[in-house]
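Worksheet: the structure to be examined is printed underneath.
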Amino acid sequence: MKWPSHGSNPQYLFEALNKEMPKEKVDFSANINPLGPPAILKENWQSLFHTITDYPDPKGNLLKEKLANHVGITKDQLLLGNGGAELIYLIARMLAGKRVVIVQPAFSEYEEACRANGCTIDYHQLQPNQWKWDFANLSSKLDKADALFLCNPNNPTGIYYSKSTVLEILQLCAQKNCFLIVDEAFYDFVLNYEPLIDCISDFKNLLIIRSMTKMYAIPGLRLGYLIANRTIINKLITYQPQWSVNAIALKAGEWCLSNESYRNKTIELVSTEKKRLFSFYQSLNFQVSLSATNFYLLKEPKLKDQFPFFQFLLEKGIIPRHTMNFPGIDGEWIRFAIKAPHDNNRLMEAVVEWRDSLQSSL
């Protein structure tokens, strides 16, 4: 069976499983802000609509200025993209034909983009279940590598590696003359996030990818940005199509950045719901990854293969993210987004039903 390579778009999951999708469902496979888009976007939708009558600024200067001020860099250290995915593909094109190491488990787009550009790919597998580092093994893999992809917080585990850990990896990459690409798509959900921005000037090999679609719940608009030294930015610009980011996304990005209270409310909600969910799972002796962000891995310890649990939830209209295409996990866990309280309540009810049905069958 060919599993869908991403979360969201659940119709493709049900199609692959040859199942009919329930009319009432909750999609836990997409890690999007449970608050939905900021109110300013809803209240000013007509203004956004008017932006489509002209071409967007190909440089996105207004948004770049706001972003540069927001994160503490200069505009020439920043590149806007049509979501993080476009930026990954631009980086992969820069690395065409070179040797790349991917820290696994990881977002599948790194490998797909690099393979499309003829890269030779190796993997550094984090230790299963605890997902800890083996630096001696990593060092040997980097001897012949041109770039290392690292997702932090990690997708799918949600685990966040401290700045000191990333700095150790960054220094190792610098010694090996190797780029370090850090994908921080979910950084703004991390309570005690430690910025890497101040390393950009000292480490010419560091590239940081960020997404605006997760925190601001605008995945349909596609908006992300890359932070790196100006030489790398100028190189990547030559690969990017003109008007890559549309006018609605540019304007929405400007408005989103001005909404600090929305971000604070989001972090508070996610933190509260995560504690509630994890306490619930602990009471039933489920295994949960030590996630620092807005999603987590869950395992029914009574099963080696989580597929029966996964199928049960689908039948109840609960749509998690499968992990069949995450090397090193291979379906032994299931990933869930943290959603609004009423959705999480529905998930917990389904989990209790599952456990009751499992007990009766033993």
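Taking each residue of the range 117-131 that is in contact (Cβ under 8 Å) with a residue 12 or more places away in the chain and more than 20 Å from residue 157 (Cβ to Cβ) and looking for partners that are part of a loop (DSSP other than H, G, I, E, B) and among the basic types (Lys, Arg) with beta-carbon atoms closer than 8 Å, six or more apart or interchain, yields 119/98; 120/98. Scanning the range 93-133 for residues that are within 21 Å of the chain's Cα centre (by Cα), part of a strand (DSSP E or B) and hydroxyl-bearing (Ser, Thr, Tyr) yields one hit, 123. Can you find, within the range 103-118, the residue that is nearest to residue 323 (Cα to Cα) among those that are out of contact with any strand residue (DSSP E or B) (no Cβ under 7 Å at 6 or more places or on another chain) and of a type in the set (Gly, Ala, Ser)? Filtering first and then ranking leaves 108.
For residue 198, indicate whether it is farther than 30 Å from residue 53 by Cβ, out of contact with any helix residue (DSSP H, G or I) (no Cβ under 7 Å at 6 or more places or on another chain) and in a loop (DSSP other than H, G, I, E, B). Answer is no for this residue. With the structure loaded, tell me whether residue 189 is among the aromatic types (Phe, Trp, Tyr) and within 22 Å of residue 297 (Cβ to Cβ) or whether it fails that test. In short, yes. Among the residues examined, residue 166 does not qualify as at pLDDT 95 or above and farther than 30 Å from residue 256 by Cα. When residue 219 is tested against (1) without any contact (Cβ under 8 Å) to a residue 40 or more places away in the chain; (2) in contact with a Ser or Thr (Cβ under 8 Å, 6 or more places away or on another chain), only condition (1) is not met.
Does residue 268 satisfy being under 20 Å from the mean Cα position of the chain (by Cα), without any contact (Cβ under 8 Å) to a residue 12 or more places away in the chain and either part of a helix (DSSP H, G or I) or outside the structural domain of residue 186 (by TED's automatic domain parsing) (or both)? When the stated conditions are applied, residue 268 passes them. Search the range 18-33 for residues being under 20 Å from residue 340 (Cβ atoms) and over 15 Å from the mean Cα position of the chain (by Cα), and hand back the single one that is surrounded by the most Cβ atoms within 10 Å (Cβ to Cβ). The selected residue is 26. The listed residues are 180, 170, 206, 226, and the only one of them that is of a type outside the set (S, T, N, Q) and surrounded by fewer than 23 Cβ atoms within 10 Å (Cβ to Cβ) turns out to be 170.
Against the condition on the phi > 0 side of the Ramachandran plot and either of a type in the set (A, V, I, L, M) or not assigned by TED's automatic domain parsing to the domain that holds residue 62 (or both), how does residue 252 come out, does it pass? No. The residue pairs whose first member lies in the range 315-330 and is under 22 Å from residue 22 (Cα atoms), whose second member is among the charged types (D, E, K, R) and surrounded by 24 or more Cβ atoms within 10 Å (Cβ to Cβ), and whose beta carbons are closer than 7 Å, counting only pairs six or more residues apart or on different chains, are 320/335; 321/335; 323/335. Out of 298, 226, 290, 303, report the one residue that is more than 22 Å from the chain's Cα centre (by Cα), outside any helix (DSSP H, G or I) and among the aliphatic types (A, V, I, L, M). One residue alone meets the criteria, 303.
Tell me yes or no: at least one residue of the range 340-353 is assigned by TED's automatic domain parsing to the domain that holds residue 26, in contact (Cβ under 8 Å) with a residue 60 or more places away in the chain, of a type in the set (Gly, Ala, Ser) and crowded, with 16+ Cβ neighbours inside 10 Å. Checking the range 340-353: not a single residue is assigned by TED's automatic domain parsing to the domain that holds residue 26, in contact (Cβ under 8 Å) with a residue 60 or more places away in the chain, of a type in the set (Gly, Ala, Ser) and crowded, with 16+ Cβ neighbours inside 10 Å. Candidates 65, 86, 15: the one that is at pLDDT below 95 and either over 20 Å from residue 337 (Cα atoms) or in the same structural domain as residue 316 (by TED's automatic domain parsing) (or both) is 15. Scanning the range 60-92 for residues that are on the phi < 0 side of the Ramachandran plot and in a helix (DSSP H, G or I) yields a count of 23. The set of residues in the range 232-282 that are among the β-branched types (Val, Ile, Thr) and either surrounded by 19 or more Cβ atoms within 10 Å (Cβ to Cβ) or within 13 Å of residue 38 (Cα to Cα) (or both) comprises 232, 245, 248, 266, 270.
Taken together, the residues in the range 330-362 that are among the hydrophobic types (A, V, I, L, M, F, W, C), in a loop (DSSP other than H, G, I, E, B) and modelled with pLDDT of 85 or more amount to 3.
The values are calculated or read from the model by the stated rules, or taken from the named source; none is laboratory data. Because the structure is a prediction, the values reported are computed rather than measured. Glycine also receives a Cβ, built like all others from the backbone with ideal geometry; neighbour counts cover every protein chain displayed.
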